[in-house]
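Structure first, then comments.
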């Protein structure tokens with residue numbers, strides 16, 4: 001088989017027969033080792049390729065090997081081959097986020113991190129922490145130390161590009177936590193490391209994360225300019241996945257600026273593009289659908305908002321990020337007249353944001369303010385306090401179930 005070109009597959013019956021023969025001859029472990037180490041070496045340059053090569057070429061080379069990565073990691077973990085499991089898990093780290101396999105990716109990266117020892121090369125450690133942070137960056141309290149660890153390792157290695165890359169991602173997380181001064185300093189330091197030699201992919205991330213920071217700091221005009229710069233870089237690099245995400249971010253800025261009609265049109269256009277795209281993920285589509293639900297709720301289109309939420313919530317619940325949209329679905333529930341359920345969902349949302357040490361963006365903050373105004377107007381203070389406390393104890397599954405009831 002030649003990687004990235006013609007591929008050959010065995011029928012499952014033949015595969016099972018071949019495995020039996022390898023067991024009989026005592027060669028199964030040797031074959032597993034050769035396979036795992038081949039893909040360890042194959043993915044060694046994947047991160048650098050991702051940052052410097054066209055996205056289409058990267059996907060064509062690496063994405064078809066997902067099942068091989070799974071088999072190789074399973075063998076390495078089971079065989080206790082820590083060196084191979086650590087190197088391969090970090091090398092293949094981009095696959096999980098690109099394919100929307102966040103839960104699986106976190107499990108495999110954490111498994112590899114548990115196998116780090118004094119012999120593990122520092123670049124491999126840095127790569128593991130970088131990708132773990134990427135996969136949990138919607139849980140900033142956990143992602144922050146992961147990115148800090150990656151940045152520190154790259155700094156000690158004298159790897160300016162790696163250090164800058166980690167700081168760009170750390171800056172986004174700090175902004176999400178409301179630590180705006182630290183975020184601004186971190187992003188500024190990242191730019192000083194990257195401005196002369198950063199590959200386009202890292203520059204795109206930089207502009208996108210500066211835009212994210214600007215959104216939290218209230219400078220929506222600057223946020224739009226930076227997102228547009230990121231979009232241009234992604235399009236120039238042929239990075240369809242990155243461009244699709246940025247289109248949604250631009251729609252959110254339009255929404256935050258109060259132009260609901262334009263935000264609605266842009267979000268619907270993004271959803272059409274996501275449904276057509278071969279590189280879209282369930283999570284990215286889920287985010288778009290739930291933003292659509294929030295915009296429709298704000299416009300008073302409660303039936304359509306519920307329909308969008310019914311499709312979107314299950315998609316984001318798969319990786320535990322439904323909490324981000326709790327204020328929007330709770331507001332829709334309140335405006336539909338289900339005040340007590342809305343209060344419970346509101347309690348869940350407040351508890352989730354607090355537990356993750358996250359700060360709401362303008363659209364979520366506006367939804368929360370309106371939601372609590374409605375609840376305070378319609379419910380007695382003691383009852384509201386009781387319902388909010390009940391909601392704070394809800395699981396994500398239970399909160400989503402309440403939100404999706406007619």
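The values are calculated or read from the model by the stated rules, or taken from the named source; none is laboratory data. Since the model is a prediction, treat every value here as computed from it, not as a measurement. Neighbour counts are summed over all protein chains in view; Cβ atoms, including those assigned to glycine, are modelled from backbone coordinates with ideal geometry.
For the stretch 334-352, filtering for residues that are touching a helix residue (DSSP H, G or I) at 6+ places or on another chain (Cβ under 9 Å) and either without any contact (Cβ under 8 Å) to a residue 40 or more places away in the chain or not assigned by TED's automatic domain parsing to the domain that holds residue 306 (or both) leaves 3.
Name the single residue, out of those in the stretch 257-306 being out of contact with any helix residue (DSSP H, G or I) (no Cβ under 8 Å at 6 or more places or on another chain) and surrounded by fewer than 15 Cβ atoms within 10 Å (Cβ to Cβ), that is nearest to residue 55 (Cα to Cα). Only one residue fits best here, namely 278.
For (1) outside any helix (DSSP H, G or I); (2) outside the structural domain of residue 287 (by TED's automatic domain parsing); (3) touching a strand residue (DSSP E or B) at 6+ places or on another chain (Cβ under 9 Å); (4) surrounded by fewer than 16 Cβ atoms within 10 Å (Cβ to Cβ), each residue gets a yes or a no:
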{"residue": "332", "(1), (2), (3), (4)": "no, no, no, no"}
{"residue": "358", "(1), (2), (3), (4)": "yes, no, no, no"}
{"residue": "364", "(1), (2), (3), (4)": "no, no, no, no"}
{"residue": "391", "(1), (2), (3), (4)": "no, no, no, no"}
{"residue": "405", "(1), (2), (3), (4)": "yes, no, no, yes"}
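Quick grid of which residues meet (1) touching a strand residue (DSSP E or B) at 6+ places or on another chain (Cβ under 9 Å); (2) under 30 Å from residue 237 (Cα atoms); (3) outside any loop (DSSP other than H, G, I, E, B); (4) modelled with pLDDT under 65:
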residue	(1), (2), (3), (4)
1	no, yes, no, yes
5	no, yes, no, yes
13	no, no, yes, no
17	no, no, yes, yes
30	no, no, yes, no
34	no, no, yes, no
38	no, yes, yes, no
44	no, yes, no, no
47	no, yes, yes, no
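Of the residues 344, 386, 340, 376, the single one that is within 28 Å of the chain's Cα centre (by Cα) and either modelled with pLDDT of 95 or more or assigned to a helix (DSSP H, G or I) (or both) is 344. Only one of the listed residues (88, 66) is at pLDDT 95 or above, assigned to a helix (DSSP H, G or I), closer than 19 Å to residue 123 by Cβ and not assigned by TED's automatic domain parsing to the domain that holds residue 286. That residue is 88. Taking the conditions exactly as written (under 15 Å from residue 361 (Cβ atoms) and part of a helix (DSSP H, G or I)), does residue 207 satisfy them or not? The answer is no for residue 207. Has the stretch 302-318 got any residue that is closer than 25 Å to residue 95 by Cβ and not in a helix (DSSP H, G or I)? Yes: one or more hits. Filtering 140, 123 for residues that are closer than 21 Å to residue 202 by Cβ and surrounded by fewer than 22 Cβ atoms within 10 Å (Cβ to Cβ) leaves a single hit, 123. Taking the stated definitions as given, is residue 271 within 29 Å of residue 402 (Cα to Cα), in the same structural domain as residue 391 (by TED's automatic domain parsing) and either touching a residue at least 40 places away in the same chain (Cβ under 8 Å) or in a helix (DSSP H, G or I) (or both)? Judged against the criteria, residue 271 is not a match. The set of residues in the stretch 43-53 that are closer than 14 Å to residue 203 by Cα and either touching a residue at least 60 places away in the same chain (Cβ under 8 Å) or not assigned by TED's automatic domain parsing to the domain that holds residue 87 (or both) comprises 50, 51, 52. Quick one: in the stretch 103-144, of everything that is under 18 Å from residue 187 (Cβ atoms) and part of a helix (DSSP H, G or I), which residue is nearest to the chain's Cα centre (by Cα)? Looking at residues that are under 18 Å from residue 187 (Cβ atoms) and part of a helix (DSSP H, G or I), I get 134. Number of residues in the stretch 188-204 that are part of a helix (DSSP H, G or I) and more than 19 Å from the chain's Cα centre (by Cα) equals 8.
To keep it simple, each residue is scored yes or no on (1) within 15 Å of the chain's Cα centre (by Cα); (2) without any contact (Cβ under 8 Å) to a residue 40 or more places away in the chain; (3) part of a loop (DSSP other than H, G, I, E, B).
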site	(1), (2), (3)
285	yes, yes, no
288	yes, no, no
292	no, yes, no
328	no, yes, no
